[in-house]
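Read-outs: derived from the displayed coordinates by stated rules, not from any lab. These numbers come from a predicted model, not from an experiment. Positions of Cβ are backbone-derived with ideal geometry, glycine not excepted, and every protein chain shown enters the neighbour counts.
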């Protein structure tokens, strides 16, 4: 047997019978180890317990449902002008009032919400996935590949996204698809950088090395071992990337490079509203309110999701519950 | 260390060159030409102007002469504003944009960090909820909406501050506030997250176990370690603030680089756009460079790289 | 002869009005008071390269002029006299003694230098060998513009031209100074010469320009009495309004609808700064950057069908739509600007020669009828079979809204679902239009020359609008009518103004009947003046901040 030298003393690293003792009360110990639960159901359970999460989810659901159903059931067409009903203040017939040419703002706002949600979700997901893939390759492979990718990212980050956006919009025209392509082209660099950092952080951790030793392929290691650890972070990233994409579209509308008419978006409606907010306040207020609510709910939900997804937080909370129960039990006894 | 600095400098120069080159050719891909815009019905005039600016020469020749100017730090003259040199525009607009950005950062960063720290220390308390909620609410409102509301309240109704223009310090207050709201809530949120993350680390538990006072733990261990990752982003952030915000500059009629830049892109002013992009690249690269060096000084672990 | 009598009468009238205005002001060369106003900053103050009326607004203040435009007409400033020969082809100008602020004298050569440098395809047609010179076929020595001595210069015309306006609104420009400054000319206050009522003292790009009165200006004692000027550059409507409401500014050269709604009694309206309407690409070709390529023949066939175009025009109720969509617009059924002077000095051309070709209110029943005819001619059973037709327009609020409303009206009245709006950034849209890569284009036409001909000239064969490619190719001219060309050309040599206008009206009628260009509106302009500022005038077809006889009460 090999002898190990520690603190100047020789130890025998073989275990003998004396090193082990029987567990006195098996049940008590097992209870303190978190009961094994499947990951996702628990995330869901935790999310449902969070009042903030429920509230933001409700707001999101209401907005999404309105965006789906208002344009279908509205008696007004979102693009049909009616000069006799121009510039009306909110009323029962027109809950959000009408615009300059008599189009029903209620219908328009929710048609715009559709566009914004579509662009927001897809426009956030695609650059995120592209960035993740490139970041993962860069971080995992390292060396020259990493160097080159990161320099490309540096250069692309230095070129203002407006140039890409204008180029794409000019080439493909002002449709949701081209806006998404433009967002993807100008937005992947940030997430690539972030993801690379995360990969580097976990690349040399013990569990990754263990998986590597067992012969797992890089793809599997990243997806099965590293990803769950950063899922919380990613969820928050994604939840704030959606508002980012919605804002980007609104910003493009502000410059005058938005979506093609007669289609509209929340960004376009609220930028139009800003120009007349002194005289037609309702045209400013409602689109701004919906866009703010939407983004607020997304942010809030992202925060809650992170809390629910974070395995460390989960253990901590569980242990806190156990301690509390033990203390209560202690007082009873 | 010297070798590292030299290597970084070389990479920085290479980055700037790459930005200039990519941007030079990207801009030429945009359809249209700047002179047709001014007078759409006069093709002859457009041709004359193209010749005046040498834009009718082969592209590579223009590229070489552009690089030549770049080496001598001469960005050339604007195409749409005849007689206006890019250098003069930077000299005039940059201080204004920089002042706005620096003011917003000076106000926003300490306040954001402080609120973040306090929220983390009193996690779950009233301040924490208040900060979280208000930061999310304020980020959820588009900045042009926020700016318009602030103008209406503080400028038109209360008449505390001027509504727009950039003439005296009082004129700078509203835009600084609007700009710093993003900074405050951003820093507050990420500082809080980082503080909590650090709070779970073993070395903190060790310090507590060793009987170090709570204040000492927070100040010397938790804050110090939490603030490190924030420094990495600071380079880009500062550079971003120095380049200005198009929307805020437009709403408040501030003659800043952000607004000028957008106008020069949409006006197809190649030389102006290019000059401003390269200028921005220099700032970003320089900021990153300095941050990296600083990081090495603060965090000894990084210095090995 | 008639012409000379007329111009003499006009000149006399001018002197009287100027004298009347002068009598009111007890002026000094120093002036007093200050005026802050909101406008858009100039693009450049390089006189040669300047192409914008924003620049001209500033030159109006900083430079002396041969004749100074004011309130719809003009009066002589540096012009001492203008003598015309018997055949109406040679104009000899004598100038007054005047100096730049650096003390150097203004010479006849300075006017000649300016005039020659500003020659372009449109203005060159008047001058002897002008077109040749612009095309590089002759030298400056052959040109009919030259200085005789320090005080005299001569302008020779190619032929006696009726609508050549001898009251040249031009500035003196010193060649030596221009050449010394090179590329830097007009970039900063130091890179300019001043001879006008004001000197530019500061120009903060994108923010403001300040001016102070020039005591050496020739009419310093009896005009431009406000001492200091500040021109604030602002593009944000609510910010502008707030400044005006707070009393920080006394004049806004352009205001938007929301401001007009809030302070209607302070706002004044000028119609007709631009003619806007639909242009149809009836030619089956477009330029792909190197060569002409065919476009979709089905679309071309539809656009080339006159009944189809008439149906689109009749479906639009301009009288109803325009005031709603564009607060500063006026419904228009004409191709000549509302401002253009008619047979007498205070009548308008469009009123003297009314046109009923295009009814302002449209006619839904007729529109449907024309659409039926068009479908029958084209061989379609219903409107749903029509190919997709793209409506190209700028990516800005008013243009977008106009497009949306027209699209919605065509859908409502004619059931058209095939019109697709193509929104492009201005640069790109203009480029597509120039390359004829559009189906329907929302055209906006302006001309600073205040004559019917300047608007009709756009449409002659090879004109700058009808043949925007200027390729001379027969297929690139969307409108070409020999009768129209002849009328416009002959009108140039018709010295009787009434007869000339009648010819113009006839030509306009032909153009309107072709339905190649369907007018929608005159895009006018609102400006706001505070109670403090008295005597300010503004005219959309003339450039300049016309504070000539304005006063500011403290």
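Some points to look at:
- Alpha carbon convex hull of the stretch C:45-131, volume per residue in cubic angstrom: 127
- With neighbours defined as other Cβ atoms within 10 Å of a residue's Cβ, the residues C:234, B:245 order from fewest to most as C:234, B:245.
- Spatial separation of Cα centroids for the stretch C:52-97 and the stretch C:161-192, in angstrom: 13
- Percent of alpha-carbon pairs separated by more than 20 Å within the stretch B:90-267: 59
- Kirkwood hydrodynamic radius of chain B, from inverse mean 1/r over distinct Cα pairs, in Å: 22.4
- DSSP-defined beta bridges in the protein assembly as shown - what % are antiparallel, rounded to 5: 80
- Folded to 0 to 90 degrees: helix C:482-491 orientation relative to chain C principal axis, Cα: 20
- Among the residues of B:247-258, the average count of other protein chain beta-carbon atoms within 10 Å of the residue beta-carbon is 4.
- Note on the protein assembly as shown: Rg/Rh from C-alpha atoms, Kirkwood Rh, equals 1.03.
- 0 to 90° range, to nearest 10: angle between helix B:2-29 axis and chain B longest Cα axis: 50
- Degrees, to the nearest 10: C:53-62 long Cα axis against longest axis of chain C: 10
- Averaged over the residues of C:183-195, the number of partner chain Cβ atoms lying within 10 Å of the residue Cβ comes to 3.
- Inter-chain shielding of B:19-30 (mean C-beta neighbours from other protein chains, 10 Å cut-off): 4
- On the basis of the beta-carbon distance and an R0 of 41 Å, residue C:262 and residue C:202 show a calculated FRET efficiency of 0.85.
- Using C-alpha pairs below 8 Å separated by at least 6 residues, the relative contact order for the stretch B:179-305 is 23 percent.
- Reciprocal of mean inverse Cα separation for the stretch C:271-525 (Kirkwood radius, Å): 18.6
- Modelled label positions at residue B:60 and residue B:290, each set 7 Å beyond Cα in the direction of Cβ, lie 4.0 nm from each other.
- Only beta bridges with both residues in the stretch C:271-525 are counted; by DSSP, about 70 percent of them are antiparallel.
- Protection proxy ranking, highest mean first, for peptides C:433-446, C:344-357, A:263-276: A:263-276, C:433-446, C:344-357, where packing is the per-residue count of other beta-carbon atoms within 10 Å, averaged.
- Multiplying the residue separation of residue B:11 and residue B:71 by 0.36 nm and removing their Cα-Cα distance gives an extension gain of 20.0 nm.
- Two-site FRET efficiency, residue B:52 against residue B:298, from Cβ-Cβ distance with R₀ of 51 Å, rounded to 0.05: 0.45
- Computed over chain C, relative contact order equals 20 percent, with contacts defined as Cα pairs under 8 Å that lie 6+ residues apart.
- Label positions at residue C:32 and residue A:171, each projected 7 Å from the Cα along the C-beta direction, are separated by 6.6 nm.
- Remark: A:306, A:220, A:283 ranked as A:220, A:306, A:283, counting other beta-carbon atoms within 10 Å and listing the fewest first.
- Spatial offset of the stretch C:269-286 relative to the stretch C:494-554 amounts to 18 Å, using the alpha carbon center of each.
- Gyration tensor verdict on the stretch C:333-427 (Cα atoms; rounded if a/c is under 1.5, prolate if a/b is larger than b/c, oblate otherwise): oblate
- Cα-projected label distance for residue C:139 with residue C:366, points at 7 Å along beta-carbon direction, nm: 6.0
- For chain C, a Kirkwood hydrodynamic radius built from all Cα pairs, placed in the Stokes-Einstein relation at 25 °C and 0.890 mPa s, yields a translational diffusion coefficient of 97 µm²/s.
- Measuring nothing but how far apart in sequence close Cα pairs (under 8 Å, 6+ apart) lie, relative to its length, the stretch C:271-525 scores a relative contact order of 34 percent.
- Largest GNM mean-square fluctuation among B:115, B:293, B:55, using chain B with Cα springs under 10 Å: B:55.
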